[in-house]
Amino acid sequence: MSTFFVSTPIYYVNAEPHLGHAYTTIVADAIARFYKLNGYETFFLTGTDEHGDKIVQAAEKQGKSPQEYVDKISSIFKNTWPGLEIEYNYFIRTTSEKHKKVVQAFLQKVYDNGDIYFGEYGGYYCFGCERFYTEKELTEDGLCPDHLTKPTFLHEKNYFFRMSKYLEPLKEHIQKNPNFIWPERYKNEVLGLLKEDLGDLCISRPKSRLTWGIELPFDNNFVTYVWFDALINYISALDWPDGKKFQKFWPNSYHIVAKDILKPHAIFWPTMLMAAGLPLYKGLRVHGYWTVDETKMSKSLGNVVKPLDLKDKYGLAPFRYFLLREMQFGLDANFSEQAFVNRLNSDLANDLGNLFSRVLTMTNKYFEGIIPAPETLSEKEMEVQNIGLESVANFQNLFARFLFAKALESLWEFVRYLNKYIDDTTPWALAKQGKTNRLQTVIYTLLEGLRKIAIHLWPVMPSVSEKMLKQLGVSFSLTEIELLKESKEWGLLQSGLKVAKKSNLFPRQELKLNSNKEQKVGAKKIEQFISFEDFKKLDLRVGRVVEAKRIEKSEKLLEVKVDVGEDNPRQIIAGIAKYFQPDDLIDKQVVIVANLKPRKIFGKVSEGMILAVNEKDNMALLTPSTQVKPGAKVS
Ligand code: MSP
C-alpha cells in the first residue's frame, strides 16, 4: 500500500489555538483524508513545541512552573482539534521522554560525524525571537526587526552546527526537485536566501541562561537551541532511528507551514538531515497568512479569531469549507465574518443545500423515496456526465496539488450545473405529463451526481459528506471508495436504495455580531417595525446649509438655515454644536425631515430636523454621495 505522511508545525504553547493554527491543521487533515480516499495509508502528525525562553517567560507570567504551564496549554491544543474533525495519528510533545531521546541521538550522530563544533560567538541576541542577529539584519536603529526592541549583545561559547557545509548540496537539491518547496515564490525566496552567506547555526544555549531545554548529550552545561530540538519532532514521532514507521512513511513525507517559518524548514532542517545522513523530506508546502478584517491578528488588538467560537456560532462544516475555499494556498487571505456568512449562504445553503433537498424531495414525491433506474440517456444526461466527470477529475488533480480553493471551485461548477439541469429538464412537468421513464433518468442522474459530490467533499467536510451519503442510501466505507474510479465511471449508484425523506444540510445564517464595539452599535436590536405606508409619511429632503450660528447660552444648539428649494431657507435648530463649527457647515449638503411639525426650541422656531448619526464621541451628518439639487426628495 502506498503511504503518505503530512505534518503541521508544532505550535508554541505561549498562545491558545486561533484561526491561523486551525487553518494549517485543517489543511493537513483534509489532505490526509484525501489520500485516505485514494487508498493510501496515511500518517498525520501535529503537536506542541514546548521548550525555550518564550515558554519560560509565558509560564512566569501566569505564576506557573514551565512544566505545569506547558501541560495546560498543550492539552488545550490537543483537545481543540477533535472538535474541528481533525483526526491526527499522533500528537507530539517536545517535552516527552521519547522525543528528548531522539534529539539526543540525532545530536550525537551529527557530533560524531564532525559537524558540530565548539566555538565562541558574539552577537546581538533578541530574547523574543530566541536568536542572534547579525548587525546587517537589525533595523537602522539597531533594533530587532520583529519586536522592535533593543537586542542584547552577548558574548558566549556555544556549539555550532556546520550548516555552511550543506548549503551548496541543498541548493542543488532544490534546483533538481522543483516540487521540493512549493509554491514557487517560496522556492525562489529560499534560493535568494541561499545566495547570502548564511554561515553556521548556533545550536546550544548555556544552562547559565536557559535550563528549559534538552541537554546536549556531549556537554551537560548546555541545552539544545529550541529550533534544532523542534524540527526533529518530525522524525521522533516516527520512532527514528529504529522504528518501522520511519521506514514506511518518511519516503513520502510533506510538511505544511506558513511563510513565517520558511527558513528553519527549508534551510535548517534539510541541512540537519543531510548531516545526519538521512534522506530529505519529500516536500514543503508553504501557505500565506490570514488577516482578520484586513488587520494582523493580535492579542492586543483583540481580533484573534477562536475557531471553536465560530464553530459554535455557524457550525463546523461551513468553517472548514470557508478556510479551504477562501485562501489561495501560498497567498495571504482575509477573514471577515461577513465574507464567511456570505459564502455559507451562497455556496452551501443556496447552491448545494438547496440542490440536495430539492432532489431528495422529488425522489420522495415521484418514486416514494426509492432511487429509480435510469432509462435511455439523452444528450442532456451525456452532458451532465461529461461535466461531472471532468469536474471531479479536476478536483482531484487540484486537491492533490494543494490548490484547495480551485479544487472546490471546480466541484461547484458541477453543483451549479446540476441546479441548471433541474431547471432545464423540469421534472415536475415530466411528472405531470406522465413521462415516467424520462423522469427516472433525470432523478437518477441528479442522485448520482450528488453522490459523487458528497464523496469528494469528505476531506473538506467529513461529517456532512457522510450524512449526505447516508441520506442517499449509500453506506460510507473508506475501503470501498476509489476516487480514481469516481472520475472515470458514471453510474456507480445503485438503484433501488431508499433515500431520506428530507434534508437541511446548511440552514441559511445571519451575521451574528458580538465582537467589537462598532459592530455592537450597528447590531442594535430593532425595537419596532413600521409599515411602508408609515415610512412614506416621512418627507425627507436634501438641503444646502446657507447659514449657521451659535445660539447664545446653549452649548448644544446651532441655528442653521437650510435651502431646500423653497422661497426661503428653513430655520432648523439642531443639537450639533458640540461637534461642528458653524463655518464648517456652510455649503454642506444635509438630509432633513421636512414635514416635521414646526416647534419652538430655546425660544426659536425649528422647521424640521437635520439627520445625523450620534455615537459616543462622534457625530456624522447624513449627506448624499454626490451633489444633488436642494429640495431633492429622499426615498
Ligand atoms: N513552534 C514553531 C514551529 C516549529 S515546527 C518544527 C512555531 N510555532 S507557532 O505557534 O508560532 O506556529 C506558527 C504556525 O502557525 C505558522 O507557520 C502557521 O502554520 C500557523 N499560523 C499562525 N498564525 C497564522 C496566521 N495568521 N495565518 C496563517 N497561519 C498562521 O512557529
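Let me know the shape class of the stretch 423-505, please: from the alpha-carbon gyration tensor, a ≥ b ≥ c as square roots of the eigenvalues, rounded when a/c is under 1.5, otherwise prolate if a/b is greater than b/c, or oblate.
Prolate.
Mean separation of Cα pairs under 8 Å and 6+ residues apart, divided by the residue count of the chain: what relative contact order is that in percent?
The normalised contact order for the chain reaches 11 percent.
Trypsin sites (Lys or Arg not before Pro) within the stretch 47-89: which are DSSP loop residues with at most 15 other Cβ atoms inside 10 Å?
Filter output for the stretch 47-89: 64.
How much mean residue ellipticity at 222 nm does the chain get from its helices, if each DSSP H run of length 4 or more adds -39500 (n - 2.57) and you divide by all residues, to the nearest 500 deg cm²/dmol?
That calculation yields -12000 deg cm²/dmol at 222 nm.
Could you pull out every Cys in the chain that lacks a partner Cys with its beta carbon under 4.7 Å away?
Unpaired cysteines in the chain: 202.
So how far, in whole Å, is the C-alpha centre of the stretch 345-390 from the one of the stretch 74-141?
That distance is 52 Å.
In the chain, what percentage of the DSSP-assigned beta bridges are antiparallel, given to the nearest 5?
Once the DSSP bridges in the chain are tallied, antiparallel ones form about 65 percent.
Can you spot the lysines whose alpha carbon is less than 18 Å from residue 549's alpha carbon? Ignore those fewer than 8 places along the same chain.
Partners found: 561, 578, 588, 600, 604.
Got a number for carbon plus sulfur as a percent of the chain's accessible area, 1.4 Å probe?
49
Helix by helix, which DSSP H runs in the chain go 24 Å or more along their axis at the Cα atoms and have an average Kyte-Doolittle hydropathy of -0.5 or more?
19-37, 379-400, 404-425, 436-456
Would you list, by chain and number, the lysines whose Cα falls below 22 Å from the Cα of residue 435, excluding same-chain residues fewer than 8 positions away?
365, 380, 420, 498
So what's the net charge close to residue 161: Lys and Arg +1, Asp and Glu -1, counting the other residues with Cβ under 10 Å from its Cβ?
Local net charge: 0.
Which listed residue (65, 79, 52) has the Cα farthest towards the positive end of the charge dipole for the stretch 39-89, taking +1 on Lys and Arg C-beta and -1 on Asp and Glu C-beta about the Cα centre?
Going by the charge dipole, the pick is 65.
Considering only the other residues whose Cβ falls under 14 Å of the Cβ of residue 117, what net charge follows from Lys and Arg at +1 and Asp and Glu at -1?
-2
Against the empirical 2.2 N^0.38 Å scaling, what ratio does the C-alpha Rg of the stretch 374-444 come to?
Its radius of gyration relative to the 2.2 N^0.38 Å reference: 1.33.
Once phi is turned into ³J(HN,Hα) by the Karplus curve 6.51 cos²θ - 1.76 cosθ + 1.60 with θ = phi - 60°, what whole-Hz value does each residue of the stretch 599-609 show in order, with x for glycine and proline?
3J(HN,Hα) across the stretch 599-609, in whole Hz: 8, 8, 10, 6, x, 10, 7, 10, 9, x, 9.
Quickly work out the residue 358-to-residue 370 label distance, labels modelled 7 Å from Cα along the C-beta direction, and quote it in nm with one decimal.
That separation, rounded to one decimal, is 2.6 nm.
Which pairs, out of 101/296; 61/207; 78/157, put more than 29 Å between their alpha-carbon atoms?
101/296; 78/157
Whole percent per 10 Å bin, from 0 to the bin with the longest distance: what is P(r) over all C-alpha pairs of the stretch 451-497?
Using 10 Å bins, I get a P(r) of 26, 62, 12 for the stretch 451-497.
Net charge around residue 139, counting only other residues with Cβ within less than 13 Å of its Cβ (Lys, Arg = +1; Asp, Glu = -1)?
Charge balance near residue 139 sits at -3.
So what are the ³J(HN,Hα) numbers for the stretch 282-289, from phi and the Karplus equation (6.51, -1.76, 1.60; θ = phi - 60°), rounded to whole Hz, Gly and Pro as x?
7, x, 10, 10, 10, 10, x, 9
Roughly how many Å is it from the Cα centre of the stretch 579-635 to that of the stretch 187-264, as a whole number?
66
Could you tell me which of 32, 318, 107 has its Cα farthest along the dipole of the chain towards the positive end, charges placed at Cβ (Lys, Arg +1; Asp, Glu -1), taken about the Cα centre?
318
Contour minus end-to-end for residue 221 and residue 136, with contour as 0.36 nm per residue of separation and end-to-end as the Cα-Cα distance?
Here the answer is 27.5 nm.
Just in the stretch 1-62: which chymotrypsin sites (Phe, Trp or Tyr not before Pro) are loop by DSSP and have at most 16 other Cβ atoms within 10 Å?
40
Tell me which chymotrypsin sites (Phe, Trp or Tyr not before Pro) from the stretch 563-635 have a DSSP coil assignment and no more than 16 other beta carbons within 10 Å of their own.
579, 602
So if each residue of separation counts as 0.36 nm, and I subtract the Cα-Cα distance between residue 121 and residue 563, what length gain in nm does that give?
151.4 nm is the gain from fully extending residue 121 to residue 563.
What FRET efficiency, computed as 1/(1 + (r/R0)^6) with R0 = 22 Å and r the Cβ-Cβ distance, is obtained for residue 334 and residue 193, rounded to the nearest 0.05?
It comes out at approximately 0.20.
Have a look at 601, 148, 290 and report the one farthest towards the positive end of the charge dipole of the chain, computed about the Cα centre with Cβ charges (Lys/Arg +1, Asp/Glu -1).
601
The values are calculated or read from the model by the stated rules, or taken from the named source; none is laboratory data. In this text, all values refer to a predicted model and were calculated from it rather than measured experimentally. All Cβ positions, even for glycine, are placed from backbone atoms using ideal geometry, and neighbour counts span all protein chains on display. These accessible areas exclude ligands, DNA and RNA; they are computed on the full protein's heavy atoms, side chains included. Shrake-Rupley method; radii C 1.70, N 1.55, O 1.52, S 1.80 Å.
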